[in-house]
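Coordinate-derived values only; no laboratory data. All figures in this text were calculated on a predicted structure; none of them were measured in a lab. Glycine also receives a Cβ, built like all others from the backbone with ideal geometry; neighbour counts cover every protein chain displayed.
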Amino acid sequence: MFCFCFFFLILPSWSFPPGCPAASRGPRMCHTPPMRYTQALIPTVKETPADAVVVSHRLMLRAGMIRKLAAGIYTYLPVANRVFTKVANIVREEMNRAGAQELLMPAVQPAELWQESGRWDQYGPELLRLKDRKGGDFVIGPTHEEVVTALVRDEVKSYRQLPINLYQIQTKFRDEVRPRFGIMRGREFIMKDAYSFHATEEDAHREYDNMYRTYARIFARCGLVFRAVEADTGSIGGNRSHEFQVLADSGEDAIVYTVDANNKPTYAANVELAPVAPPVRAAEAPTMKTEKVPTPGKRTIEEVAGFLGVAPDRVMKAVLFLVDGKPVMALCRGDRDVNEIKLKKALGAELVRMLTDDEVTIHTGAAVGFAGPLGCKPGLRVVADHGLQGLAGLVCGGIDKDTHWVQVAVGRDVSNLEWADLTTARQGDLCPRTNVGYLAARGIEVGHVFFLGTKYSKAMKAVFQGEDKVERPYVMGCYGIGVTRTAAAAIEQNHDDDGIRWPAPIAPWHVSLVALGTEPETMSVATALVEQLEAAGLEVLFDDRDERPGVKFKDHDLIGNPVRVAVGGKGLKEGVIEVKLRTEPKEGTRKVPVAEAAKTVIELTRGLLEAARKAADAASA
RNA sequence: CGGGGUGUAGCUCAGCUUGGUAGAGCGCUUGGUUCGGGACCAAGAGGUCGUAGGUUCAAAUCCUGUCACCCCGACCA
């Protein structure tokens, strides 16, 4: 008790500036008293679970954050729940600040809505369908465009009520083909989705930019290193889209970007649509006549190149697609891949898929593995990647089984090609926007903004009346953030051999306060300190267990709170308490006089939180 | 959906090839010694061997079906 009063006297009114926990605007985590470890459910484990292959999955299991209930479906234990709540609250604050309104829509939705939008048939098995007791068809919402559009259609009739941006933070379900990586690619996950409605395209683009800046603020506030990249819109539709990618080597997405002389990013895109400029080089002069040679059983690029003794990039790859019902041959260099998304865009097509082996033979007359532009069925549309321009001395399929053409020259032997940018971008490719070579990175997609246009409003006859009394469909945008995935991405980006190193704004607690021993003096000093920190608005996990120090340190390293305070008999004899950041090595431990401990911890924590705030302001500037 | 693999104690796994009625480590309980980076000793509790069927005197073990889960691929907000 003495200690408590003592601290109270020297620290009369620690108040936090706006933005720090005690004074944050908008919603925040409900107040909880300091958590005593002896009462907490934090089932940490020493052994690495067998089926966890990525760091975040492994550490979330080991730190007692998640437990699997079924494939891709997890229970979020208290530590994880605290983190998700923090991420969600940052999202809330920034969305509210940007002028959006929060609502909550049903998880279970009637099939009729999906039939109206056309996605009941389009969405495929990823959409979990079920019947109610009366036999009516329902879905568990993987997303909420239909529901929100129906709502706004009924309730917003006039241009005067526009624009409006509605968002929710909800559990969603997508029956992923292959859930993996724990919470990173689960079937059930928490997502923030926002939908905006506008009278004009210009206004929808303004909101798109507004959301883009808001997202940059959100991820900066979460303490993450990320990049906004141009992206494909996928099945959601629309024609303008950016993904927010947290950079991590374990990321599932490949991105390319360019930088200026100061190493500042100038352009970034997902490789699936990053444009590649045509090569700048003189056309090669053909030196030899084309001839057909036997290549028995050599079908793949590697086999053919190896057999003929040429480099793979000298083999012309021919891939056959069905584009809106018509066969198309796509060509590229043997060391590259034809990108379906680019092909679709280049041909202005709706549906693109690869042909089956049988279909290849029917449409080209070629044996499987030996298709090529030279001598195939006349009338077949052939599109070539401009990486092939001006090349000579190439190898391509001989149409007949077990044959290839050699010494093929583009232009001389193969003409009437349509040229397009078809291959997936790589490091070193020339970026046509910035005229410098691409750099490559991997990322985890944590956010995605889409300009939707009128796709859903037209399909669902959602219209408003304009000033001119004319009815028009709303122009829409939608904007998603994976809350659970953001937490997983934070771990991928912030960990070491001992465990998680949470960025302070989304850490489960600001401070791990470890009592090294349960002697009355240690406990009373520790308890007093906990109360001081709590009074100043800090969140504290107080380890009051009767465990050996080693066990405690290991657990807190695993859990990863940014500030660790150790109170022990040894230190107290010298009159000190030990304070260390999770990111600092053991040797960096500060020995702080007992009387100054609270002040030191509060200042350190405040510094960490303020840094994230400043990063957010810089990111949205 | 194609290929591969695994289901044995709360967790990580051994036992299976060659059938004879189930083990280790971690964790848990109790007692003791310890106590500043995952302690030690002793005594315990805990398993329809995923599930259904078959073969057999006898099945964790062999056979068949089935379910679940994992990995690679295809696919994907």
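Rounded to the nearest Hz, the phi-derived 3J(HN,Hα) couplings of segment A:149-162 under the Karplus curve 6.51 cos²θ - 1.76 cosθ + 1.60 (θ = phi - 60°) are 5, 5, 4, 5, 4, 7, 10, 10, 10, 10, 4, 5, 8, 9, where x marks glycine and proline. Each of A:Ala366, A:Val565, A:Thr522 was scored by the projection of its Cα onto the charge dipole of chain A, and the greatest displacement toward the positive side belongs to A:Thr522; charges sit on the C-beta of Lys, Arg, Asp and Glu.
Against chain A, whose longest principal axis is taken from its Cα atoms, helix A:549-559 shows a tilt of about 40°.
Helical runs (DSSP H, four residues minimum) scored at -39500 (n - 2.57) apiece and divided by the length of chain A put the mean residue ellipticity at 222 nm at -8500 deg cm²/dmol. Placing a label point 7 Å from the Cα of A:Ala285 along the Cα-to-Cβ direction, the residues of segment A:410-449 whose backbone N falls under 20 Å of that point are A:410-414.
Between A:Arg472 and A:Tyr212, the modelled label-to-label distance comes to 2.2 nm, taking each label 7 Å out from Cα in the direction of the beta carbon.
Put a plus charge on the Cβ of each Lys and Arg, a minus charge on the Cβ of each Asp and Glu, and nothing anywhere else: the dipole of segment A:291-420 about its Cα centre is then about 220 debye.
With 23 Å as the limit on Cα-Cα distance, the pairs of A:Lys552/A:Lys591; A:Lys289/A:Lys342; A:Lys345/A:Lys455; A:Lys46/A:Lys586 that go past it are A:Lys289/A:Lys342. Normalising the average separation of contacting C-alpha pairs (under 8 angstrom, six or more residues apart) by the number of residues puts the relative contact order of chain A at 18 percent. Length gained on full extension, A:Glu574 to A:Glu47: 186.0 nm, using 0.36 nm per residue less the C-alpha separation. Once the Cβ-Cβ distance of A:Asp324 and A:Cys30 is raised to the sixth power relative to R0 = 56 Å, the FRET efficiency obtained is 0.55. Between A:Thr589 and A:Ser524, the distance separating the two model label sites (each 7 Å from Cα on the Cα→Cβ line) works out to 2.4 nm.
Across segment A:373-389, computed HN-Hα scalar couplings (Karplus, 6.51 cos²θ - 1.76 cosθ + 1.60, θ = phi - 60°) run x, 8, x, 7, 3, x, x, 6, 6, 10, 10, 10, 5, 5, x, 8, 4 Hz from first to last residue, x flagging Gly and Pro. In a reduced charge model with +1 at each Lys and Arg Cβ and -1 at each Asp and Glu Cβ, chain A shows a dipole moment near 320 debye about its Cα centre. For A:Val139, the residues whose amide H sits under 5 Å from its own are A:Gln109, A:Ala111, A:Leu130, ignoring neighbours fewer than 5 places away on the same chain, with H placed 1.01 Å from N.
Taking amide H positions as modeled 1.01 Å from N, with prolines and chain starts lacking one, the residues under 5 Å from A:Val514 and 5 or more places away or on another chain are A:Asp543, A:Val565, A:Ala566, A:Val567.
Our summary gives segment A:291-420 a relative contact order of 28 percent, counting only alpha carbon pairs under 8 angstrom and 6 or more residues apart.
Here segment A:203-264 and segment A:358-422 have alpha carbon centers that stand 38 Å from each other.
In order along segment A:599-614, phi translates into HN-Hα couplings of 4, 4, 5, 5, 5, 4, 4, 4, x, 5, 5, 5, 4, 5, 4, 5 Hz, rounded to whole numbers, per the Karplus curve 6.51 cos²θ - 1.76 cosθ + 1.60 with θ = phi - 60° and x for Gly and Pro. Label-to-label distance, A:Gln115 versus A:Asp496, with points set 7 angstrom from Cα along the beta-carbon direction: 6.0 nm.
Amide H contacts of A:Ile164: A:Phe197, each under 5 Å away and 5 or more positions distant or on a separate chain (H built 1.01 Å from N in the peptide plane; Pro and chain starts excluded).
Classify segment A:308-401 as rounded, prolate or oblate from the Cα gyration tensor: take a ≥ b ≥ c as the square roots of its eigenvalues, call it rounded if a/c is under 1.5, otherwise prolate when a/b beats b/c and oblate if not. Verdict is oblate for segment A:308-401. Applying 1/(1 + (r/R0)^6) with R0 = 35 Å to the Cβ-Cβ distance of A:Leu130 and A:Thr38 gives a FRET efficiency near 0.25. Using the Cβ of A:His556 as centre and a radius below 9 Å, the other residues enclosed give a net charge of +1, where K and R count +1 and D and E count -1. Between A:Asp402 and A:Asn239, the FRET efficiency estimated from the beta carbon spacing at R0 = 51 angstrom works out to 0.65. Full extension of the chain between A:Thr300 and A:Arg412 gives 37.8 nm of extra length, using 0.36 nm per residue less the Cα-Cα distance. Sorting A:Arg281, A:Arg180, A:Arg314 from the fewest to the most surrounding beta carbons within 10 angstrom yields A:Arg281, A:Arg180, A:Arg314. Only Cα sites of chain A enter the Debye sum here, all with the same form factor; the resulting log10 I(q)/I(0) across q = 0.07 1/Å is -0.58, listed in q order. Each peptide in A:463-471, A:99-107, A:524-532 was scored by the mean count of other Cβ atoms within 10 Å over its residues; highest first, the order is A:524-532, A:99-107, A:463-471. As I understand it, the value is the acute angle between the Cα axis of helix A:520-535 and the longest principal axis of the Cα atoms of chain A; what does it come to in degrees, rounded to 10? Helix A:520-535 and the main axis of chain A meet at about 60 degrees. The slack in the chain from A:Gln101 to A:Glu202, taken as 0.36 nm per residue of separation less the alpha-carbon distance, amounts to 34.3 nm.
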